[in-house]
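Let me begin by presenting the structure, written as structure tokens, before commenting on it.
The values are calculated or read from the model by the stated rules, or taken from the named source; none is laboratory data. Predicted model, so just to flag it, every value in this text is computed and none were measured. Virtual Cβ from ideal backbone geometry, glycine too; neighbours counted across all protein chains shown. These accessible areas exclude ligands, DNA and RNA; they are computed on the full protein's heavy atoms, side chains included. Shrake-Rupley method; radii C 1.70, N 1.55, O 1.52, S 1.80 Å.
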2 protein chains.
Amino acid sequence: MTRRMHLNAFLMGVGHHEAAWRHPRSAPARLTDVRHYQELARTAERGTLDSVFLADGLALAGKVRHNALGGLEPLTLLTALATVTERIGLIATVSTTYNEPFHVARKFASLDHISGGRAGWNIVTSAGEAEAANFGVERPAHATRYARATEFLDVVTKLWDSWEDDAIVADRAAGEYADLAKIHPIDHTGEYFSVAGPLNTSRTPQGRPLLVQAGSSEDGKEFAACHAEAVFTAQQTLQDGQEFYADLKRRLAAYGRRHEDLLVLPGISPIIGSTEEEAYALEEELEELIIPAYGLAQLSYMTGVELTEEHLDGPLPEVPVETEGAQSRRRLVVELARRDGLTVRQLLSRLAGGRGHRVVAGTPEQIADQLQEWFFNGAADGFNIMPPLLPSGLELFVDHVVPELRARGLFRHEYDSHTLRAHYGLPRPPSRHAARHAARREPVAV
Amino acid sequence: MTRRMHLNAFLMGVGHHEAAWRHPRSAPARLTDVRHYQELARTAERGTLDSVFLADGLALAGKVRHNALGGLEPLTLLTALATVTERIGLIATVSTTYNEPFHVARKFASLDHISGGRAGWNIVTSAGEAEAANFGVERPAHATRYARATEFLDVVTKLWDSWEDDAIVADRAAGEYADLAKIHPIDHTGEYFSVAGPLNTSRTPQGRPLLVQAGSSEDGKEFAACHAEAVFTAQQTLQDGQEFYADLKRRLAAYGRRHEDLLVLPGISPIIGSTEEEAYALEEELEELIIPAYGLAQLSYMTGVELTEEHLDGPLPEVPVETEGAQSRRRLVVELARRDGLTVRQLLSRLAGGRGHRVVAGTPEQIADQLQEWFFNGAADGFNIMPPLLPSGLELFVDHVVPELRARGLFRHEYDSHTLRAHYGLPRPPSRHAARHAARREPVAV
């Protein structure tokens, strides 16, 4: 069978461009309107995309003056998307730094039941200081956050495995609902967590919801290589994309995993026009709506350097590399400015479209060319699609780019599977206890 | 206007009777089927009920051998009910002992947006030991749980108020999305929490989701009198109901609240037949399906006394009253056994229908008589309806008891309001900051 690409629609308010809310083709009043997101999910499903994805942060962080923020909590919203779709995968971001594994395991298990096996968890460790201040703690060090994430995930998968697939007997005559021999306490005691278990939600259609990750630091890449089944990443050039892809795939073997056990999905914000001119005109319209003060605040946060209007027409000042913040995004931004010799103002324009993700303006064929190039040249197993404006940018992608990809044999014409794991070509993991039973039944070599 | 009663449908798996899953009129396989709950919510809405409600516990606690447990997390499920209903209120239980106020404030705010102002929070403090063991702590003392709940609620309402109603300007031309003067950090520092705020979800249709509570201990009643807007309670006799009702209403004044600021909704499990004989026959069918081992385990948990099959035909042994567990339910059970001189086996039958809530078997008219008696005699502002079997018990209530109540002028014929608060006759609270602005504009007496 031909290798096919995987496509995820990254749904973000009224669009990924930071000035989307000011553009006449967006409707900022729909930021808290569930039907807006339900329509987006249905559009993505009409395009037979693998999944939709919702990002998250746990603080408002004062950026709301110039951008449409203050929307809905992703996991709550995702259930509302599950109920109006049939096939598309549903991925939400949840932090391991400011949550309890019992709650997270249970909420994703519930979503997996509700959606019939379409739930995925994007695991983040919450690098922001403003987030820590909403939970009464100092921001933990980078290594601490990843150590906690590792144990958190261990507890969550133990809880997901705590009911075996055939634990429910439901024998009415005998009065036996469940076979207690197939429901296991987890009795986890570790550095960060002590959790008795079992989970109080039964085993789900996928067994374990899909694990997604997006950190690109050293710790992030090791975590992904060990645990993640799909990785979202920001890569500006084909070469960077190839290096990241090869690096991450190379790390898998150390954890006994194969090349195909983890999908790499670089982000791309496609600015689509029926002609090149139309695409560039839209790009320019959006650029003209940029508010420098907003971009400066964002860039100051990303780089850890306080930037003001006075910096706009000079080069990016020296940026400290060692940080407890979002290391990999900081490095990407600095390299982008250096490589292309950008002023701060030019850098703001380059970041406005996708916060460091690649922005490509062009016709549907040109967008498809770009995706194909990365897909065929060892930089991607698929893509994280980040439309600049929503809903229009997603509609253009589904109605014009998807047909082009299908015509080239690069993308499915219809769903041939029902769960998110199956869309991504990943197996359903057995419960660790079922595996143990199976092992016991193996003939013993003497 | 005539005083009308308020009705909440308490949705519990396949029914409130502990043997419901064994009865041919239930379908235990639907325990994790979202459509089951969606159909129940629609049935309740067809009956113009005020609200539906989902209980919760944070541990499986080993009772699953003989009962259909292991269902869906309530807040996740509630969103799925919001998307298929238009008017009915949606109440979910969330614990203040094992959560963070920032998450809880945000999730209920999101649900309030998604449902168009129909969200309610049943505040519990999680009395169980098994729950504590899933969060790596010893169960906190009763007083500690309530102290934490009080501060938790303070933080949550501060977060809900952190965006004023008119904080969103969305001025595209000027590039101003929000007026930062109307979005307030909360800077809360207390004994249990330190939370900077503001919330990262904007102010919701109800301003603040409805606050519901169900504890009946001294601490629980004081908490309710200070904070709750509706109270679910288990009361076995009219006299007990009247005493509880008067006691709770009497406590309101100390907090500057009026009689009508808090609704008291006793629980009732109606076993409905088209004749008395049919109702009694169903009651007997359910009783025959009871598994004593399950009831004994439940009763042991409630009383803190280890009960075995040997106790079945004797009286309830001495039960310690001082406890860190669920004090008020323990007292109710002991009083029930003493008052009616029940053996343990008889007590199990009385508890099987509603875990201490009142069970009434009869025709629709007889059920309506019972509701009317409590409603007219100072024991209830409405009721928490707990059908023994689901969906059939709710359908019978909506199709036969509700019309009877309407004919008597005791219940609405159609919805005349759109939010949960409005259904319950409660006002929309202003943000504390809006109130401050208003105060500033008052003329100053000199």
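Before moving on, here are some points about what is shown:
- Helix A:218-227 and the longest principal axis of the C-alpha atoms of chain A enclose an angle of approximately 40°.
- Other residues whose C-beta falls under 13 angstrom from the C-beta of A:Tyr192 contribute a net charge of -2, scoring Lys and Arg +1 and Asp and Glu -1.
- Dipole of the stretch B:74-146, positive end: most advanced residue of B:His113, B:Thr79, B:Asn99 [Cβ charges, Cα centre]: B:His113
- Here, P(r) means the percent of Cα pairs in each 10 Å bin from 0 to the largest distance; for the stretch A:40-81 it is 23, 42, 28, 7.
- Dipole magnitude (debye, nearest 20) for chain A, charges at Cβ of Lys, Arg, Asp, Glu: 1180
- Kirkwood Rh and Cα Rg combined as Rg/Rh, the stretch B:91-212: 1.05
- Under a 5 Å amide H cut-off, with hydrogens placed 1.01 Å from N, A:Val169 pairs with A:Ala178, A:Asp179 among residues at least 5 apart or on other chains.
- In terms of its Cα atoms, chain B spans 75, 50, 47 Å along the principal axes, sorted from long to short.
- Take the accessible area of chain B alone and of chain A alone, subtract that of the pair, and you get about 5500 Å² summed over both chains, using a 1.4 Å probe.
- Given charges at Cβ of Lys, Arg, Asp, Glu: the stretch A:311-402 dipole, positive-most of A:Phe383, A:Gln366, A:Pro317: A:Pro317
- Between the stretch A:183-262 and the stretch B:179-205, the Cα center-to-center distance that results, in Å: 33
- DSSP bridge analysis restricted to chain B gives an antiparallel fraction near 15%, rounded to the nearest 5.
- For chain B, the longest principal axis of the C-alpha atoms and the axis of helix B:276-288 are separated by about 90°.
- The stretch B:1-69 and the stretch B:325-372 have Cα centres spaced 19 Å apart.
- Position A:Tyr255, label points 7 Å along Cα→Cβ, spacing to each other copy in nm (shortest first, one decimal): 4.8
- Net charge, B:Ala105 excluded, C-beta distance under 12 Å - Lys, Arg +1, Asp, Glu -1: 0
- In this structure the stretch B:80-143 gives 23 Å² per residue of accessible area when probed at 1.4 Å with all protein chains present.
- Axis of helix B:34-46 versus longest Cα principal axis of chain B: the two differ by about 80°, to the nearest ten degrees.
- By the compact-protein rule of thumb, 2.2 N^0.38 Å, the alpha-carbon radius of gyration of the stretch B:1-132 corresponds to a ratio of 1.10.
- Remark: for residue pairs B:Lys182/B:Lys249; A:Lys221/B:Lys107; A:Lys182/A:Lys249; A:Lys107/B:Lys182; A:Lys158/A:Lys221; A:Lys158/B:Lys63, the C-alpha separation exceeds 27 Å in B:Lys182/B:Lys249; A:Lys221/B:Lys107; A:Lys182/A:Lys249; A:Lys107/B:Lys182.
- Kirkwood-Stokes translational diffusion coefficient of the protein assembly as shown, alpha-carbon pairs, 10 °C, 1.306 mPa s, µm²/s: 55
- Each of B:Val212, B:Val231, B:Pro185 was scored by the projection of its Cα onto the charge dipole of the stretch B:170-288, and the greatest displacement toward the positive side belongs to B:Pro185; charges sit on the C-beta of Lys, Arg, Asp and Glu.
- Summing Cβ point charges (Lys, Arg +1; Asp, Glu -1) relative to the Cα centre of the protein assembly as shown gives a dipole of roughly 80 debye.
- Percent RCO, i.e. relative contact order, over the stretch B:1-51, from Cα pairs under 8 Å lying at least 6 residues apart: 47
- Stokes-Einstein D for the stretch A:153-249, Kirkwood Rh over Cα pairs, 4 °C, 1.567 mPa s (µm²/s): 80
- Computed [θ] at 222 nm, helices only, for chain A once each DSSP H run of length n ≥ 4 contributes -39500 (n - 2.57): -11500 deg cm²/dmol
- Prolate/oblate/rounded call for the stretch B:336-423, Cα gyration tensor, a/c under 1.5 rounded: prolate
- Rolling a 1.4 angstrom probe over chain A with all protein chains present gives an accessible area of which 50% lies on carbon and sulfur atoms.
- Anisotropy class of the stretch A:205-271 from Cα gyration tensor, a/c 1.5 cut: oblate
- For the stretch A:217-337, the square roots a ≥ b ≥ c of the C-alpha gyration tensor eigenvalues yield an a/c of 1.5 or more together with a/b not exceeding b/c, which makes the shape oblate.
- Charge tally around B:Ala230: other residues with Cβ under 11 Å, Lys/Arg +1 each, Asp/Glu -1 each, net -3.
- As a length-normalised measure over Cα pairs under 8 Å and 6 or more apart, the relative contact order of chain B settles at 24 percent.
- Mean Cα-pair separation over length for the stretch A:1-136, i.e. relative contact order, pairs under 8 Å, 6 or more apart, %: 25
- Close amide H pairs (under 5 Å, H built 1.01 Å from N) link A:Ser194 with B:Gly136, residues at least 5 positions away or on another chain.
- For the stretch A:9-82, the alpha carbon positions stretch 36, 28, 18 Å along the principal axes, listed from largest to smallest.
- Rounded to the nearest 10 Å², the accessible area of B:Val344 at probe 1.4 Å: 0
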